[in-house]
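The structure under discussion appears below in the form of structure tokens.
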Amino acid sequence: MTRVREPALRGLVIIPLMINVLLVGALVAAAAVGFDALLAAWLPQTLDWLAWLLWPLFALFLLLVVGISAVALAAIVASPFSGPLAYRTAEGLGHPPLAAPRSLTAESVHALATAARKLGYYALLLIPVLIITFVPGLNLLAPAAWFLYGSWVLAVEFMEVPLANDGLSFDTVRRRLRERRLQTLAFGAGTTLLAMVPMVNLLLVPAAVIGATHLRTRQLAATP
């Protein structure tokens with residue numbers, strides 16, 4: 001991920017970085033304001049002291065759920081610019097992608113078409129997580145369920161970029177990632193932990209795209 005600073009990649013990093021900062025910052029701020037308004041509306045004044053207990057719990061929820069969601073959304077919005085970033089990174093590593101580079105228009109069309117499939121896939125995966133979250137007893141497993149969900153979603157989101165540059169469809173990307181489930185989850189878990197760190201998550205999208213490209217390159221190098 002140190003390649004973010006390289007001059008050849010700097011221009012391709014700026015737009016995904018700006019999108020990342022704006023979306024993550026806006027969603028986190030909106031969640032904080034909404035929670036504050038909810039406390040003001042539903043918490044009696046005689047129990048104001050409870051707010052001091054509820055805010056730390058909400059902060060943990062914010063770091064996990066909102067952080068993951070905001071980074072994933074920022075990655076989807078920035079995907080027309082992430083493709084060229086991954087392409088240039090792969091070339092710099094000596095493993096140019098298997099498919100020819102796409103124009104910005106073609107990248108935008110690909111991103112739009114893939115975004116709908118991604119969101120539908122993520123929504124299906126979210127159903128069991130929500131069940132675990134709201135069923136008494138099972139909800140004790142909710143933090144682990146959300147972390148596992150976030151790890152897989154962010155891994156799919158960022159690994160799709162270099163894999164798509166090799167000409168793979170989203171269905172093929174999902175199959176390839178399932179074949180390397182542990183490695184995929186390890187990459188996603190590291191990305192999820194970074195998504196939970198304030199300020200660091202504002203910079204995560206371009207760094208994770210470059211990291212995913214490094215991982216894809218190592219996988220290709222290890223393939224006989």
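The table below gives the values:
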| item | result |
| --- | --- |
| Among the residues listed as LEU104, LEU112, LEU140, LEU64, the single one being loosely packed, with under 13 Cβ neighbours inside 10 Å, in contact with a Phe, Trp or Tyr (Cβ under 9 Å, 6 or more places away or on another chain) and either more than 21 Å from ALA221 (Cα to Cα) or among the charged types (D, E, K, R) (or both) | LEU104 |
| Condition met for GLU157 (under 20 Å from PRO84 (Cα atoms) and of a type in the set (Asp, Glu)) | yes |
| Which numbered condition LEU193 misses (of (1) over 14 Å from ALA72 (Cα atoms); (2) of a type outside the set (Ser, Thr, Tyr); (3) within 14 Å of the chain's Cα centre (by Cα)) | (1) |
| Pair list, Cβ under 9 Å, 6 or more apart: the stretch 129-141 residue among the aromatic types (Phe, Trp, Tyr), other residue assigned to a helix (DSSP H, G or I) | PHE134/ALA142 |
| Test for ARG180: is it surrounded by 15 or more Cβ atoms within 10 Å (Cβ to Cβ), charged (D, E, K, R) and under 16 Å from the mean Cα position of the chain (by Cα) | no |
| Scope the stretch 65-117; condition of a type in the set (D, E, K, R) and modelled with pLDDT under 90; matching residues | ARG102, GLU107 |
| Selection count, the stretch 75-115, where residues are under 17 Å from VAL173 (Cβ atoms), touching a residue at least 40 places away in the same chain (Cβ under 8 Å), in a helix (DSSP H, G or I) and over 16 Å from the mean Cα position of the chain (by Cα) | 3 |
| Residue under evaluation PHE147, criteria (1) touching a residue at least 40 places away in the same chain (Cβ under 8 Å); (2) under 26 Å from PRO80 (Cβ atoms); (3) not β-branched (Val, Ile, Thr), criterion not met | (2) |
| THR105, sole failed condition from (1) closer than 23 Å to VAL197 by Cβ; (2) among the hydroxyl-bearing types (Ser, Thr, Tyr); (3) out of contact with any Asp or Glu (no Cβ under 8 Å at 6 or more places or on another chain) | (1) |
| Of all residues making up the stretch 165-186, the number that are in contact with a Ser or Thr (Cβ under 6 Å, 6 or more places away or on another chain) and under 22 Å from ALA222 (Cα atoms) | 2 |
| Test for ALA189: is it under 18 Å from PHE147 (Cα atoms), surrounded by fewer than 19 Cβ atoms within 10 Å (Cβ to Cβ) and in contact with a Ser or Thr (Cβ under 8 Å, 6 or more places away or on another chain) | yes |
| Helices (runs of 4 or more DSSP H) lying entirely in the stretch 127-224 (those with 3 or more residues that are closer than 23 Å to LEU112 by Cα and in contact with a His (Cβ under 7 Å, 6 or more places away or on another chain)) | none |
| Residue, surrounded by the fewest Cβ atoms within 10 Å (Cβ to Cβ), within the stretch 198-224, restricted to residues that are closer than 22 Å to ALA29 by Cα and touching a residue at least 60 places away in the same chain (Cβ under 8 Å) | PRO198 |
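For (1) at pLDDT 85 or above; (2) closer than 25 Å to TRP152 by Cα; (3) β-branched (Val, Ile, Thr); (4) in a helix (DSSP H, G or I), each residue gets a yes or a no:
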| residue | (1), (2), (3), (4) |
| --- | --- |
| ILE19 | no, yes, yes, yes |
| LEU22 | no, yes, no, yes |
| PRO56 | no, no, no, yes |
| ALA59 | no, yes, no, yes |
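The values are calculated or read from the model by the stated rules, or taken from the named source; none is laboratory data. Every value quoted in this text rests on a predicted model; they were computed, and no experiment measured them. A quick note on method: Cβ atoms are made from the backbone with ideal geometry, for glycine too, and the neighbour counts reach across all protein chains shown.
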